[in-house]
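> I have a structure I would like to understand better, so I am pasting it below and will then ask my questions one at a time.
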Amino acid sequence: MINRERMINNFIEMARISSPSLKEREMADYVKKQLQDLGMEVIEDGAGEKEGGNAGNIIGVLRNPGKKRILLSAHMDTVLPCDKVNPIIENGIIKSDGTTILGGDDKAGISNIIEAIKTIKENNLDHPEIVVVFSIAEEIGLLGAKNFDIEKYSPDYTFVLDSSGKPGIGIIQTPFSAKGKMKIIGKPAHAGIAPENGINALTVAAHAITKIKLGRIDSETTSNIGVVRGGEAVNIVMPEVILQYEARSFSGEKLDNLLAETDRVFREICKEFGAEFENGVTKGYSGYKLEDSEEILNIFKKACAQVEVECVTKPTGGGSDSNIYNEKGYKALTIGIGMTKVHTKEEYIEIEDMVKTANLVVEILKEMA
Ligand SMILES: [Zn+2]
């Protein structure tokens with residue numbers, strides 16, 4: 001149903017535009033024009049100004065009063081190296097020339113959304129009220145989504161086109177996470193002359209580490225100390241040690257409990273040894289879980305059936321703009337768009353998968369009409 005050539009050409013144009021995080025200006029102007037040509041009301045918000053970027057989130061609205069409202073989301077920024085991308089089409093796939101990433105993450109998602117809306121309009125298909133957001137700075141901490149005023153648009157359902165894997169994949173669960181540095185401050189002393197005057201920070205850390213939970217804690221929860229830095233010289237009692245810690249759990253409550261317990265153990269042991277403890281571990285974005293009975297999954301499954309792709313719902317370890325939307329109370333599902341080996345110079349995407357994804361978006365729109 002969609003126009004394959006038009007979508008591919010549009011994608012290739014966008015892939016050629018350099019758009020590292022916080023430098024999305026050229027992409028923003030490009031997609032702004034496209035949304036305007038579709039007859040959408042287009043605005044650029046203040047996210048860029050706030051985060052020190054040169055462009056804000058681009059938001060387009062296609063009214064259809066009285067209908068349900070859908071938010072379609074994809075991000076404009078890419079990881080590096082993304083300068084002078086030279087897309088090559090070969091054997092049904094699109095890839096870079098090997099010197100840069102391709103930027104299918106997430107420009108494939110943007111081209112899918114634009115093509116789906118073009119198709120809906122051309123064929124006069126009934127559709128929900130459509131809000132599109134092309135966000136900035138996703139790759140450096142979901143900064144665009146964090147600043148996007150989703151309450152203003154209050155979508156019934158949100159689809160984020162930003163997962164690798166085949167069309168038909170829906171990400172129903174992502175972990176809560178926390179990370180940061182824990183610092184133990186002991187006391188230096190000459191290790192040969194007066195070690196009893198010192199407090200060895202590493203010894204304190206070792207005692208604490210034997211008492212906290214590390215590694216695989218349960219089926220939903222993990223934690224790790226990945227980096228340890230400390231010491232000045234072999235003849236000085238180690239005055240300070242820094243432990244880099246991270247923890248993840250699919251349960252927010254379990255993560256909170258783990259962090260509290262780890263903090264308590266370190267404080268207790270430090271006190272015992274007369275050392276000080278500074279805990280710099282902070283929580284990242286929230287995880288989410290969509291129940292199988294959610295209407296958003298029902299819509300997605302029906303659309304998959306129409307396009308004849310297998311619907312596969314699964315958890316993932318990473319985050320996307322969906323985490324922010326779900327955290328703010330709006331049901332959001334990240335879906336697979338066929339991008340492969342993202343964040344590498346070997347990144348590629350199958351044209352057939354792009355076609356399926358765009359058709360899937362058309363079906364989702366029809367389903368919500
Ligand atoms: Zn992405």
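> Show me the ranking of peptides 97-108, 172-183 by mean Cβ neighbours inside 10 Å, starting with the highest.
Ranking the peptides 97-108, 172-183 by packing returns 97-108, 172-183.
> Moving on. Can you give me the accessible area per residue for the chain, using a 1.4 Å probe, in Å²?
Accessible area per residue: 44 Å².
> Extension gain ASN91-ARG6, at 0.36 nm per residue separation less the Cα-Cα distance, in nm?
Gain on extension, ASN91 to ARG6, equals 28.8 nm.
> Here's another thing I want to ask about it. Rounded to the nearest 10 degrees, what's the angle between the helix 252-273 long axis and the longest principal axis of the chain, both from Cα atoms, 0 to 90?
20
> Can you list, by residue number, the Cys in the chain that have no neighbouring cysteine C-beta under 4.7 Å?
Result for the chain is CYS82, CYS270, no neighbouring Cys Cβ within the cutoff.
> Further question: Would you mind calculating the gained length between SER251 and ALA305 on full extension (0.36 nm times residue separation, minus the Cα-Cα distance), in nm to one decimal?
Answer, rounded to one decimal: 16.3 nm.
> Also, I was wondering about something else. I'd like the distance between the alpha-carbon centres of region 341-369 and region 80-134, rounded to an integer number of Å.
The two parts, judged by their Cα centres, are 8 Å apart.
> Under a point spin-label approximation (7 Å from Cα along Cα-to-Cβ), what is the ASN279-LYS213 distance to one decimal in nm?
Label at ASN279, label at LYS213, 1.5 nm between them.
> At a 10 angstrom cut-off on C-beta neighbours, averaged per residue, how do the peptides 204-211, 348-355 rank from highest to lowest?
348-355, 204-211
> Antiparallel DSSP bridges in the chain: what percent, to the nearest 5?
Taking every DSSP beta bridge with both residues in the chain, the antiparallel ones total about 70 percent.
> Using the Cα centre of region 176-283 as the reference point, and only Cβ charges (+1 on K/R, -1 on D/E), how large is the resulting charge dipole? Debye, rounded to the nearest 20.
200
> OK, next. Taking the Cα-to-Cβ direction at GLU261 and at GLU291 and moving 7 Å from each Cα, how far apart do the two end points lie in nm?
About 2.8 nm, to one decimal.
> Would you mind checking which residues have amide H under 5 Å from GLY231's amide H? H placed 1.01 Å from N; only 5 or more apart, or other chain.
GLU240
> Ignoring everything except DSSP H segments at least 4 long, calculate the 222 nm mean residue ellipticity for the chain; use -39,500 (n - 2.57) per segment, divide by total residues, nearest 500.
So the calculated ellipticity at 222 nm is -10500 deg cm²/dmol.
> Here's something else I'd like to know. Under 15 Å from the 7 Å Cα→Cβ point of ARG63, by amide nitrogen: which residues of region 121-164?
Those under the cut-off are 129-131.
> How much length, in nm to one decimal, is gained on full extension between LYS121 and ARG229, taken as 0.36 nm per residue of separation minus their Cα-Cα distance?
Full extension of this stretch gives 33.0 nm more.
> Run down the lysines and flag those whose C-alpha is under 23 Å from the C-alpha of LYS121, throwing out any fewer than 8 positions away in its chain.
LYS32, LYS33, LYS67, LYS68, LYS107, LYS302, LYS356, LYS366
> Dipole of the chain, Cα-centred, from +1 at each Lys and Arg C-beta and -1 at each Asp and Glu C-beta, to the nearest 20 debye?
So the dipole magnitude of the chain works out to roughly 360 debye.
The values are calculated or read from the model by the stated rules, or taken from the named source; none is laboratory data. Model, not experiment: these values are computed from the prediction. With ideal geometry, Cβ positions are generated from the backbone for all residues, glycine too; neighbour counts draw on all protein chains shown. Surface accessibility is based on the protein's heavy atoms, side chains included, excluding ligands, DNA and RNA. Shrake-Rupley method; radii C 1.70, N 1.55, O 1.52, S 1.80 Å.
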